[in-house]
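Contents: one structure, followed by commentary.
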Amino acid sequence: MITLLDYGAGNVRSVINAIESLGETVKAVQNADDIRHADKLVFPGVGAFGSMMQILHQKNYAKPLLEYLQSNRPFFGICLGLQALFEGSEEAPDLAGLGFLQGTVKRFSVDLAVPHIGWNGLNIQQASPLFGGLQGNEKFYFVHSYHVVPKDDTVALTKTDYGYSFVSSIQKGNIVATQFHPEKSGQAGLRLLGNYLSRQRKEEKPLQITGKTKLSKRIIACLDVRTNDHGDLVVTKGDQYDVREEGDVRNLGKPVELAQRYYGEGADEITFLNITGFRDFPLEDMPMLEVLKQTSKNVFVPLTIGGGIRNFTDQNGKSYSALEVAAEYFRSGADKVSIGSDAVLIVEEYLKNNIKTGKSAIEEIARVYGNQAVVISIDPRRVYVASPDAVPHQVIQTSIPGPNGEQYCWYQCTIKGGREGRELDAITFAHACEELGAGEILLNCIDRDGTNAGFDLELINAVKGAVSIPVIASSGAGCAEHFQEVFVKSEAESALAAGIFHRQETTVGDVKNYLADKVEIRS
Ligand code: 1PR
């Protein structure tokens with residue numbers, strides 16, 4: 001029996017699913033006594049350091065947790081569950097950590113995108129049973145803006161490079177904690193977690209330094225989901241956002257089955273977009289939540305879900321906040337939520353006075369679940385103009401002239417699945433979203449969507465130049481070469497595709513095989 005410390009923030013479902021897939025049962029902590037009586041405690045921390053420590057104190061978990069650690073009983077901390085062990089964090093300077101280990105938690109100061117999101121390697125610093133059966137060159141999934149800095153370097157179990165080398169896991173007696181997410185790291189992660197759970201201390205993987213570790217570029221499979229005219233929830237795919245063919249919604253398969261297939265093929269992440277979320281309220285559209293619950297049982301890579309994340313009042317007058325909608329998605333197995341239409345409206349308000357209210361969905365969800373959990377999905381469309389100062393927007397010079405030979409264009413943000421254009425450009429928008437606390441940009445492009453013509457590199461470079469958070473290039477992938485092109489000619493951290501995978505024109509595995517000796521990827 002594994003005792004799981006769930007303090008109510010973030011996605012613990014995937015940790016439970018991963019543990020259960022390894023044949024163990026999980027009991028969630030209900031009160032402080034459950035911590036005192038635990039035999040094996042797993043502490044998956046997701047969210048922000050400050051809110052985590054506050055909740056641990058409010059629930060009277062902090063003291064028994066520290067006593068548990070001091071008694072050297074088996075403990076596995078994940079992400080914030082690692083950071084909590086230290087004395088404090090730059091993320092919440094006024095709140096002390098548990099102080100089980102000396103040292104602090106610092107924000108990355110690198111000339112690279114922060115959060116550090118994606119698959120990176122490990123340099124093993126201590127012999128450990130945790131790595132039994134692993135080659136040592138596997139990649140694991142990270143998503144964090146802060147990393148631990150132990151005072152005593154001998155507790156470091158692994159180190160990872162991101163701009164510089166940081167401690168990516170610790171081991172002290174029976175206490176183990178990782179900055180990466182084994183429950184989201186595919187087969188390698190399950191193996192590592194299984195080694196911990198089975199307590200097989202026989203096979204000790206010795207110290208292994210493989211050289212500088214590298215963050216991989218991610219290949220993301222995207223599933224646009226909606227209910228068709230017969231009431232079935234289907235994966236669909238549009239041409240420039242038009243998903244109807246001869247009047248019917250295109251049906252390209254079932255969401256759970258397709259997600260499972262892409263996981264098997266090696267997708268680094270799966271994204272679900274509930275494309276009619278702007279008119280259907282997700283908490284009334286339970287099938288989407290069910291899709292997440294079912295998928296997360298067997299798919300052990302990060303899951304993002306978007307569609308309909310906004311404040312909502314139902315016909316009975318009951319109001320729900322965007323945070324509550326997001327919370328339901330996280331509880332159902334999502335690791336990140338993606339906000340589309342509502343983010344545009346939020347930014348329009350924000351830009352009127354440049355004042356952060358702290359109350360927008362972006363800010364609230366980021367505060368509770370951490371910046372890394374908030375993805376902004378942008379649906380821009382090219383608008384050609386005759387000159388750079390023709391409109392009060394960020395205009396770029398383009399090598400693809402417009403219908404009248406125009407050499408300039410701006411990228412107009414749209415809402416409601418491209419149905420409504422707004423007086424806001426994608427570059428300004430992306431920058432403002434970062435200021436409000438978003439952790440990643442999912443950059444679609446209506447002009448390229450479903451065309452197989454390749455990614456819009458001009459758009460990607462323009463947005464990437466305006467933000468320091470990671471950018472997912474999306475729309476237009478038609479072959480493996482397009483992925484190489486986007487990674488070579490832009491700084492995008494990941495590339496997303498839908499149509500080519502659904503139509504089986506290529507597989508995620510084929511794309512990765514093609515990229516293997518050209519771009520850093522997770523094999
Ligand atoms: O506005 O917060 O409710 O979120 C709705 C979400 O649904 C947004 O993320 C929006 O992008 C998405 N969406 C809305 N309508 C459509 C549509 O297609 N009619 N899909 C839609 C957007 C774009 C990509 C697509 C790539 C790759 N889909 O996600 O998967 O363009 O396609 P490709 O590789 O086939 O070219 P809210």
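Identify the trypsin sites (Lys or Arg not before Pro) of the range 144-186 meeting these criteria: DSSP loop state and at most 12 other C-beta atoms within 10 Å of the C-beta.
K151
Taking Cα centroids, how far is the range 20-59 from the range 152-166 in Å?
If you average the Cα positions of each part, the centres end up 25 Å apart.
Rounded, prolate or oblate: which fits the chain when a ≥ b ≥ c are the square roots of the eigenvalues of the alpha-carbon gyration tensor, with rounded for a/c under 1.5 and prolate only if a/b beats b/c?
prolate
With label points built 7 Å along Cα→Cβ from the Cα atoms of K489 and D248, find their separation and express it in nm.
3.7 nm
Would the range 65-137 count as rounded, prolate or oblate if I go by the C-alpha gyration tensor, calling it rounded below 1.5 in a/c and otherwise prolate when a/b exceeds b/c, oblate otherwise?
Verdict is oblate for the range 65-137.
Please give the contour-minus-distance gain from S21 to R279: 0.36 nm per residue of separation, less the Cα-Cα distance, rounded to one decimal in nm.
Taking S21 through R279 to full extension adds about 89.3 nm, to one decimal.
Ignoring everything except DSSP H segments at least 4 long, calculate the 222 nm mean residue ellipticity for the chain; use -39,500 (n - 2.57) per segment, divide by total residues, nearest 500.
Value at 222 nm, helices only: -8000 deg cm²/dmol.
Mind checking Rg over Rh on the range 2-198, alpha carbons, Kirkwood formula for Rh?
0.93
Shape verdict for the range 159-296, please, from the Cα gyration tensor: rounded (a/c under 1.5), prolate (a/b greater than b/c) or oblate.
Note, shape of the range 159-296 comes out prolate.
May I ask for the angle, rounded to the nearest 10°, between helix 186-198 and the longest principal axis of the chain, with both axes built from Cα atoms and the value confined to 0 to 90°?
Helix 186-198 sits roughly 20 degrees off the main axis of the chain.
Tell me which aspartates and glutamates have Cα within less than 15 Å of K359's Cα, excluding those fewer than 8 residues away on the same chain?
Result set, ordered by chain and number: E324, D342, E348, E349, E435.
Under a crude label model (7 Å from the Cα following the beta-carbon direction), how far is D229 from S198 in nanometres?
Once both label points are built, they end up 5.4 nm from each other.
Counting Lys and Arg as +1 and Asp and Glu as -1, each charge on the Cβ, what is the dipole of the range 2-198 about the Cα centre in debye, to the nearest 20? Let's see the in-between values first.
On the way: 15 positive and 17 negative charges, 38 e Å.
The dipole magnitude comes to about 180 debye.
Pull out the extension gain between S321 and S71, defined as 0.36 nm times the separation in residues minus the alpha carbon to alpha carbon distance; nm, one decimal. Mind showing how you got there, number by number?
Details: separation 250, 0.36 × 250 = 90.00 nm, distance 4.18 nm.
Length gained between S321 and S71: 85.8 nm.
If contacts are Cα pairs under 8 angstrom and at least 6 residues apart, what is the relative contact order of the chain in percent?
That works out to 13 percent.
Relative contact order for the range 1-43: what is it in percent, counting Cα pairs under 8 Å that are at least 6 residues apart? Walk me through the numbers on the way to the answer.
On the way: 49 pairs, mean separation 27.1, N = 43.
Answer for the range 1-43 is 63 percent.
Could you list H482, H116, H37 in order of exposure, starting from the residue whose Cβ has the fewest other Cβ atoms within 10 Å?
On the way: H482 22, H116 26, H37 10.
Taking fewest neighbouring Cβ atoms as first place, the list is H37, H482, H116.
Between the alpha-carbon centers of the range 449-480 and the range 386-442, tell me the distance in whole angstrom.
13 Å
If the only charges are +1 at each Lys and Arg Cβ and -1 at each Asp and Glu Cβ, what is the size of the charge dipole of the chain around the Cα centre, to the nearest 20 debye?
1600 debye
Using modelled amide H (1.01 Å from N, peptide plane; none on Pro or chain starts), what sits under 5 Å from the amide H of D379, excluding residues fewer than 5 places away?
Those lying under 5 Å, H to H, from D379 are T414.
What's the center-to-center distance, using Cα atoms, between the range 305-331 and the range 265-292 in Å?
Distance between centres, Cα-based: 13 Å.
Where in the chain is the longest stretch that carries no GluC sites (Glu not before Pro) classed as loop by DSSP and with at most 14 other Cβ atoms within 10 Å?
285-504
Just list whichever of K40/K184; K151/K356; K40/K297 have alpha carbons separated by over 27 Å in the model shown.
On the way: K40/K184 20 Å; K151/K356 36 Å; K40/K297 22 Å.
Violating the 27 Å limit, Cα to Cα: K151/K356.
We did not get these values from a lab; they are worked out from the coordinates using the rules stated. Model, not experiment: these values are computed from the prediction. Methodologically, a virtual Cβ is constructed for each residue, glycine included, from the backbone with ideal geometry; neighbour enumeration extends over all protein chains shown.
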